[in-house]
Amino acid sequence: MNDDFKRRWNLRQVESGVLEGDALGEIIRRGALAVQADAEILADGLCGPDTVSQLDLDRDPPQSDVPIPRGRRADIERVYGTFDYEESEDTKGAIIIERGWSRRNIVKVDFFNGLYTYAHKLVAREMAELFEAACLKSGYTPEKIWSWVPRHKRHDPKAGLSTHAWGISFDVDSAKHRPHTTDGPLFRYPAWAKTFTDANWTWGQHWTRYPDPMHFQRTK
Ligand SMILES: [Zn+2]
């Protein structure tokens, strides 16, 4: 039985009156405790808004409704959320993001050619769709792609947070597209990058101070 069937089956027990009163209250109390333990929030067994909001029952807007923010941190946070984090003590520029935010927002992205990565749930589907379209249009299919990496820009602890920390950007074939170089496959197959820029994503190559051809992000 899949989860959706189980949810509806249980709901029918409630609707038909089989599950009511103290039995219903006890089932909800135990369920709330399980959800609270999983989300590491206050475990009181009460099914309030904080607990319900942890359920993520297909309440995410369709991908096409997610606005594309400008690249400043405040704009990024308005669309993709904010998180607490701590600095790494031994890995330069790395951060550790609070567990709850990562669990709620980072999902696996499977690409048509068998590659996969982890990214923000609000960009994942579009990332996979544009990736496939870019490969089909251009004739170039990257061998490597990576999105979510909790870190500062350029692994520099003094710089701002990278969009990789939100999982809203990705790098393709990083060994072939070093910053300040223009001889990688993306330059021989321009339709690849254009597929993303036409969809209002930013290509790092267009940054004047630090051209970064491997990098694409869902900000405009
Ligand atoms: Zn990057």
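The values are calculated or read from the model by the stated rules, or taken from the named source; none is laboratory data. On a predicted model such as this, the values are computed, not experimentally measured, just so you know. Backbone-built Cβ (ideal geometry, glycine too); neighbour counts: all protein chains shown.
Of all the residues that make up region 40-51, how many are in a helix (DSSP H, G or I) and surrounded by 13 or more Cβ atoms within 10 Å (Cβ to Cβ)?
The initial filter retains those residues of region 40-51 that are in a helix (DSSP H, G or I), namely 49-51.
Cutting the leftovers down to surrounded by 13 or more Cβ atoms within 10 Å (Cβ to Cβ) gives us 50-51.
Matching residues across region 40-51 total 2.
Is there any pair with a first residue in region 87-112 that is surrounded by 15 or more Cβ atoms within 10 Å (Cβ to Cβ) and a second that is in a helix (DSSP H, G or I) and not basic (Lys, Arg) whose Cβ atoms are under 6 Å apart and which are 6 or more apart or on different chains, and what are they?
Between residues of region 87-112 that are surrounded by 15 or more Cβ atoms within 10 Å (Cβ to Cβ) and residues that are in a helix (DSSP H, G or I) and not basic (Lys, Arg), the close pairs are 93/155; 100/39; 107/124; 109/124; 109/127; 109/128; 111/128; 111/131.
May I ask you to list the residues in region 169-184 that are farther than 14 Å from residue 131 by Cβ and either part of a loop (DSSP other than H, G, I, E, B) or touching a Phe, Trp or Tyr at 6+ places or on another chain (Cβ under 7 Å) (or both)? It would help to see each step written out before you state the result.
From region 169-184, those farther than 14 Å from residue 131 by Cβ are 174-184; that's our starting set.
Answer for region 169-184, where residues must be farther than 14 Å from residue 131 by Cβ and either part of a loop (DSSP other than H, G, I, E, B) or touching a Phe, Trp or Tyr at 6+ places or on another chain (Cβ under 7 Å) (or both): 177, 178, 179, 180, 181, 182, 183, 184.
Identify, from the list 37, 32, the residue that is surrounded by 12 or more Cβ atoms within 10 Å (Cβ to Cβ), aliphatic (A, V, I, L, M) and either outside any loop (DSSP other than H, G, I, E, B) or under 27 Å from the mean Cα position of the chain (by Cα) (or both). So that I can check it myself, show each step before the final result.
Numbers: 37 fails: surrounded by 12 or more Cβ atoms within 10 Å (Cβ to Cβ).
Sole residue among the options that is surrounded by 12 or more Cβ atoms within 10 Å (Cβ to Cβ), aliphatic (A, V, I, L, M) and either outside any loop (DSSP other than H, G, I, E, B) or under 27 Å from the mean Cα position of the chain (by Cα) (or both): 32.
Name the residue that is modelled with the lowest pLDDT, counting only residues in region 56-71 that are of a type outside the set (A, V, I, L, M), assigned to a loop (DSSP other than H, G, I, E, B) and surrounded by 10 or more Cβ atoms within 10 Å (Cβ to Cβ).
If we filter region 56-71 for residues that are of a type outside the set (A, V, I, L, M), which is where we start, we get 56, 58-65, 67, 69-71.
Right, trim to assigned to a loop (DSSP other than H, G, I, E, B) and you get 56, 58-62, 67, 69-71.
Filter again for surrounded by 10 or more Cβ atoms within 10 Å (Cβ to Cβ), leaving 56, 60, 67, 69-71.
Details: 56: 70, 60: 55, 67: 95, 69: 97, 70: 96, 71: 94.
Of everything passing the filter in region 56-71, 60 is modelled with the lowest pLDDT.
Which of the residues belonging to region 1-22 are in a helix (DSSP H, G or I), over 35 Å from the mean Cα position of the chain (by Cα) and surrounded by fewer than 12 Cβ atoms within 10 Å (Cβ to Cβ)?
The answer is 15, 21, 22.
Between a first residue in region 191-218 that is more than 16 Å from residue 153 (Cα to Cα) and a second residue that is away from the ligand (no atom under 13 Å from the Cβ) and of a type in the set (Phe, Trp, Tyr), which pairs have beta carbons less than 9 Å apart while being 6 or more apart in sequence or on different chains?
What qualifies is 191/140; 192/140; 193/187; 195/131; 196/131.
Tell me, which residue of region 164-196 that is closer than 17 Å to residue 141 by Cα and under 19 Å from the mean Cα position of the chain (by Cα) is nearest to the ligand (Cβ to nearest atom)? So that I can check it myself, show each step before the final result.
We begin by selecting, within region 164-196, every residue closer than 17 Å to residue 141 by Cα; these are 170-177, 183-196.
Now narrow it down to the ones that are under 19 Å from the mean Cα position of the chain (by Cα): 170-172, 196.
Values: 170: 7, 171: 4, 172: 9, 196: 13 Å.
Looking at the filtered set, the residue picked out is 171.
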